[in-house]
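**Q** Mind having a look at this structure? Questions to follow.
The values are calculated or read from the model by the stated rules, or taken from the named source; none is laboratory data. Quick caveat: nothing in here was measured; it's all calculated off a predicted structure. Note that each Cβ is placed from the backbone with ideal geometry, even for glycine, and that neighbours are counted across all protein chains shown. Accessible surface areas use protein heavy atoms only, side chains included; no ligands, DNA or RNA. Shrake-Rupley method; radii C 1.70, N 1.55, O 1.52, S 1.80 Å.
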Amino acid sequence: MTARSGRWIHEWDPEDETFWDRTGEKTARRNLFFSVLSEHIGFSIWTMWSVLVLFMGPEYGLTPADKFLLTSMVTLVGAVVRVPYTFAVAIFGGRNWTVISAGLLLVPSVAAFAVMEPGTSFSTFLLVGLLAGIGGGNFASSMTNINAFFPLRKKGWALGLNAGGGNIGVPVIQLAALAIIGASGGPRVLLGIYIPLIVVAAVLAALYMDNLASVKNDTGAAKDAAREAHTWIMSFLYIGTFGSFIGYSFAFGQVLQNQFDRTPLEAAYVTFIGPLLGSLIRPVGGSLADRYGGARITLWNFVAMGAATAVLIVASMQKSLALFTVAFVVLFVLTGLGNGSTYKMIPGIFQAKALARGLAGEEAAAYGRRLSGASMGLIGAVGALGGVGINLAFRQSFLSYGSGTGAFVAFLACYAVCFAVTWAVYLRRPAARPTDTDAAPEEKPQLSYADV
């Protein structure tokens, strides 16, 4: 039975199937639902500038380079704050920090509401945009928290759903902007709708979520995770998947405007499709990884991402809007699949390392949960930096060549390197074998990172 004091749960063993079937699954799913809600709004606030810049016409006095710089800096802050947000779960508890982090979203929303008008200086817009970056931190704390609630066999699905529900905040705010700003409601009306939603999310988290005592005060887990080479290898792979997703989410509309002369409304009618499909497909990537192995799905997903990028290069050079749009949407779908499969790999990798250290049963599961939960924040932070690189690459490409073609060539090279790293580290050779001295050689489990 789950022991609870206030909103704290003191006994939690999701790997115990009897416990899981009796009480664990119901509790975990409840926390997952309200975590998704808060993270979803966090993503919307983080990426609101991706759509606001589309509707900031000549009267705002911003150049295309200014807008790419603005979205780059918003992405940068969202990446950086993921590190302290990961620590916050251990310090405050998952439920408590969800309440706090949801409430903090009021700061950038109210600030944007106050300054969104022509005549505001670029430096003011940049400062307020930086505040919106805190919305990116909700992902790290949410993933770290939810990772501790679910057993290894369910993590791909649960983490994919948690992240996908958060990611879908990107197309939702783009659709909301299309409906509200496109109908001459203005940016302030859009922000005025989100402000009460933030309050609702914080209140619901306070009422229905829980803290896990086993996670609290384990701040040393982050230091241990930072010492693991796999944390940084997976961070690099996540740059290729999530970095692409968030970077393209910020940049897609601006590329359509600047390269194909789309109006704000024409761009907005298209930009939400890619992030929407990429978000919805993320749990599928996690489920496929549960079934076939995250490394295998990730490897072939990078092949497909490279192929889609090659088509984008051709479409960009031929100035084919239809082919460009279709290929970009396909690339978004693939980033979503890769997001799900890479995050499924993380708990599996650390579980394999636990077995290789001679641990077994709950001891091995606890080791895996501890390090995978801590590493997720670091991996999420570094991965989000890919979004900064994508926006800066587009900015430089348009300044140098007048199109995004040069940036796409760089992205193609990046996906090729990600493919090589995935194969070399997780598929070329088996993982270390457990040191079970009591078992005969033929009885020792043969672990492979291909199955993580």
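**Q** Please list, ordered by chain and number, the residues whose modelled amide H lies under 5 Å from the amide H of Asn211; skip anything fewer than 5 residues away on the same chain.
**A** Trp8, Ile9, Arg95
**Q** Would you please classify the overall shape of region 330-383 from the alpha carbon gyration tensor, given that a ≥ b ≥ c denote the square roots of the eigenvalues, rounded means a/c under 1.5, and beyond that prolate means a/b larger than b/c while oblate covers the rest?
**A** Verdict is prolate for region 330-383.
**Q** Relative to the compact-globule scaling 2.2 N^0.38 Å, provide the ratio for the alpha-carbon radius of gyration of region 273-350. Walk me through the numbers on the way to the answer.
**A** On the way: Rg = 13.7 Å, N = 78, 2.2 N^0.38 = 11.5 Å.
It is 1.19.
**Q** Follow-up question, since we're still on this one. Viscosity 0.692 mPa s, temperature 37 °C: give me the Stokes-Einstein translational D for region 1-89 in µm²/s, with Rh taken as the Kirkwood radius over C-alpha pairs. Intermediate values should be presented prior to the final figure.
**A** Numbers: Rh = 16.8 Å.
Value of D from the Cα-based Kirkwood radius: 195 µm²/s.
**Q** Leaving out ligands, DNA and RNA but keeping every protein chain, what accessible area does Thr18 have, in Å² rounded to the nearest 10, with a 1.4 Å probe?
**A** Accessible surface of Thr18 is approximately 90 Å².
**Q** Another question, if that's okay. Over region 1-154, what per residue volume does the convex hull of the Cα atoms give, in whole Å³?
**A** 111 Å³
**Q** Could you work out the per residue convex hull volume over the alpha carbons of region 44-104, in cubic angstrom?
**A** Details: hull volume 4.8 nm³, N = 61.
Value for region 44-104: 79 Å³ per residue.
**Q** Ignoring everything except DSSP H segments at least 4 long, calculate the 222 nm mean residue ellipticity for the chain; use -39,500 (n - 2.57) per segment, divide by total residues, nearest 500.
**A** Helices in the chain give a 222 nm mean residue ellipticity of -24500 deg cm²/dmol.
**Q** What does the charge count around Ser50 come to, taking other residues whose C-beta lies under 15 Å from its C-beta (Lys +1, Arg +1, Asp -1, Glu -1)?
**A** So the environment of Ser50 carries a net charge of +2.
**Q** Take the alpha carbon gyration tensor of region 307-426, find the square roots of its eigenvalues, order them as a ≥ b ≥ c, and report rounded if a/c is under 1.5; if not, report prolate when a/b exceeds b/c, else oblate.
**A** prolate
**Q** May I ask you to order 375-381, 190-196, 70-76 by the average number of other C-beta atoms within 10 Å around their residues, highest value first?
**A** On the way: 375-381: 27.3, 190-196: 16.4, 70-76: 25.4.
My ranking of the peptides, most packed first, is 375-381, 70-76, 190-196.
**Q** Starting from the Cα gyration tensor of region 163-256, take the square roots of the eigenvalues, sort them a ≥ b ≥ c, and report rounded, prolate or oblate (rounded when a/c is under 1.5, otherwise prolate if a/b is larger than b/c, else oblate). Don't skip to the end; give the middle numbers.
**A** On the way: a/c = 3.92, a/b = 1.40, b/c = 2.79.
Because a/c hits 1.5 or more and a/b fails to exceed b/c, region 163-256 counts as oblate.
**Q** To continue, here is another question. May I have the pair-distance distribution P(r) for the chain, computed from all Cα-Cα distances with 20 Å bins from 0 and rounded to whole percent?
**A** The calculated distribution, bin by bin, is 27, 55, 16, 1.
**Q** Solvent-accessible area per residue for region 226-307 at a 1.4 Å probe radius, Å²?
**A** Value for region 226-307: 34 Å² per residue.
**Q** Next question, about the same structure. With a Cα-only, solvent-free Debye model of region 175-333, what are the log10 I(q)/I(0) values at q = 0.18 Å⁻¹?
**A** The Debye formula, applied to the Cα set alone, gives -1.19.
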